[in-house]
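A short worksheet on the structure shown next.
The values are calculated or read from the model by the stated rules, or taken from the named source; none is laboratory data. Because the structure is a prediction, the values reported are computed rather than measured. So basically every Cβ, Gly included, is an ideal-geometry build from the backbone, and we count neighbours across all protein chains shown.
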Amino acid sequence: EKGGYEHFMLKEIYEQPTSIRNSMLGRLNTVNGEVVMGGIEEYEHKFMNAKRIIFVACGTSWHAGLVGEYMIESLARIPVEVEYASEFRYRNPIINSDDIVIAISQSGETADTLAALEIAKEKGALIYGICNVVGSSIARATDAGSYTHAGPEIGVASTKAFTAQVTILALMALTLAKKKGSISESRYRELALELNNIPNIVEKVLETNVAVEYISDIYKDAKNFLYLGRGINFPVALEGALKLKEISYIHAEGYPAAEMKHGPIALIDADMPVVAIATKKNSYEKVVSNIQEVKARNGKIIAVVTEGDTAVKEIADHVIEIPDVDDFFDPLITVIPLQLLSYHIAVMRGCNVDQPRNLAKSVTVE
Ligand code: F6R
């Protein structure tokens, strides 16, 4: 059942080239590069006239929502908000019929997310679901939606469901941008074809496993970890920290890299490993200077960098090299070594990786 892997989590990490491909199947036409999302077609008028899109979710699914915010705002130019379902539902939120409220949920059973949707429905919003489990409560409650098709996720720590959610959000952003006319035909095609190639890139990123295992052994006894990222990789920093906390029980925090100087920098010393996502993207130079600030205080840097990088290599303690992809798809590949890092550290600490203490796969009570 674990397909030769020691744990479901590792199996599911390795399934990602396939699960991402399955999320795109029937939606991305690889011949002409056209993206068709049935759920959006059905409510095209609503989507085209939406004043706002609001994502409601919890945990890892909320992190996917943050990635979706970057994608949809920059490509489709529709304002997006991302809300913790548990906060949204009790705030008497201001929602009207021009809003689209999108729930993101692997299980489709998360109590807070379901309740948030019901409130949005009462207030007249179109409600949409991005769920993995077919026929789940959230999927049934929505007006329309897109299943992620990641296949069953057994490990409590979400891995392939996250990348499937991000894939759906990328497809939605492309579809909406095309319909809105906010993207050029050539850029649209370029992004669609690059997205189509992401499963092959993920396959290559999985080859970092040996390097990541080596690094894990060095830092497995750390008491704290800090994760830094900027832009579309900020949510990946949050996700990396959450993965480490939940399965290895090491305290970890994710931060937008520039926020470090507003407080967390006080924590930096030789006992504080800092995982920095420093791929060659818009904010690369700024992340490099954040890494220098950490090094100046004797912090240890584990950096995820673009293949061929030299600047970070010179200053970081360890680098994990991954292929270059368009900014929009970076989270699909930067998250992979962070999943592996938490996995190996947890195994080395003797933790129950697939069933961490105090956690359940679906949180059906608030
Ligand atoms: C993290 C994790 C949780 C879930 C959260 C939402 O690895 O598994 O944070 O992401 O409980 O669950 P779903 O997506 O089922 O609504």
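Tabulated results
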| read-out | value |
| --- | --- |
| Out of Val56, Val82, Val101, sole residue that is over 16 Å from Ser146 (Cα atoms), touching a Phe, Trp or Tyr at 6+ places or on another chain (Cβ under 9 Å) and either within 16 Å of the ligand (Cβ to nearest atom) or assigned to a helix (DSSP H, G or I) (or both) | Val82 |
| Filter result (at pLDDT 95 or above and within 14 Å of the ligand (Cβ to nearest atom)) within the range 155-178 | Ala157, Ser158, Thr159, Lys160, Ala161, Phe162, Thr163, Ala164, Gln165, Val166, Ile168, Leu169 |
| Cβ pairs under 8 Å, 6+ apart, first in the range 288-316 and more than 19 Å from Ile336 (Cα to Cα), second of a type in the set (Ser, Thr, Tyr) and part of a loop (DSSP other than H, G, I, E, B) | none |
| Failed item, numbered, when Tyr14 is tested on (1) in contact with a helix residue (DSSP H, G or I) (Cβ under 8 Å, 6 or more places away or on another chain); (2) closer than 20 Å to Leu242 by Cα; (3) within 16 Å of the ligand (Cβ to nearest atom) | (3) |
| Thr334 vs. criteria within 21 Å of Thr159 (Cβ to Cβ) and either away from the ligand (no atom under 16 Å from the Cβ) or β-branched (Val, Ile, Thr) (or both) | yes |
| Test: residue in the range 223-238 that is away from the ligand (no atom under 16 Å from the Cβ) and surrounded by fewer than 18 Cβ atoms within 10 Å (Cβ to Cβ) | yes |
| Residue in the range 351-362 that is under 30 Å from Ala173 (Cα atoms), within 16 Å of the ligand (Cβ to nearest atom) and either modelled with pLDDT under 95 or in contact with a Cys (Cβ under 9 Å, 6 or more places away or on another chain) (or both) present | yes |
| Residue ID - surrounded by the most Cβ atoms within 10 Å (Cβ to Cβ), chosen from residues in the range 121-143 that are touching a Lys or Arg at 6+ places or on another chain (Cβ under 9 Å) and of a type in the set (Val, Ile, Thr) | Ile127 |
| From Val294, Val275, Val210, residue being in contact with a Phe, Trp or Tyr (Cβ under 7 Å, 6 or more places away or on another chain), farther than 30 Å from Ala76 by Cα and not hydroxyl-bearing (Ser, Thr, Tyr) | Val275 |
| Selection status of Val335, of a type in the set (A, V, I, L, M), at pLDDT below 95, assigned to a helix (DSSP H, G or I) and buried (at least 21 other Cβ atoms within 10 Å of the Cβ) | no |
| Any hit, the range 259-271, residues being among the basic types (Lys, Arg), within 20 Å of the chain's Cα centre (by Cα) and more than 16 Å from the ligand (Cβ to nearest atom) | no |
| Those residues of the range 239-267 which are within 19 Å of Asn282 (Cβ to Cβ) and of a type outside the set (Gly, Ala, Ser), in sequence order | Tyr255, Pro256, Glu259, Met260 |
| Residues that are without any contact (Cβ under 8 Å) to a residue 40 or more places away in the chain and assigned to a strand (DSSP E or B), drawn from the range 317-332 | Val319 |
| Pairs where the first residue, in the range 117-135, is in contact (Cβ under 8 Å) with a residue 60 or more places away in the chain and the second is among the basic types (Lys, Arg), C-beta under 7 Å, 6+ apart | Leu126/Lys46 |
| Segments classed as helices (runs of 4 or more DSSP H), wholly inside the range 127-246, with at least 2 members that are of a type in the set (Lys, Arg) and either in contact with a strand residue (DSSP E or B) (Cβ under 8 Å, 6 or more places away or on another chain) or within 29 Å of Tyr343 (Cα to Cα) (or both) | 160-180 |
| Number of positions in the range 59-76 that are within 16 Å of the ligand (Cβ to nearest atom) and among the aromatic types (Phe, Trp, Tyr) | 1 |
| Residue check for Met24: in contact (Cβ under 8 Å) with a residue 24 or more places away in the chain, closer than 19 Å to His149 by Cα and crowded, with 22+ Cβ neighbours inside 10 Å | yes |
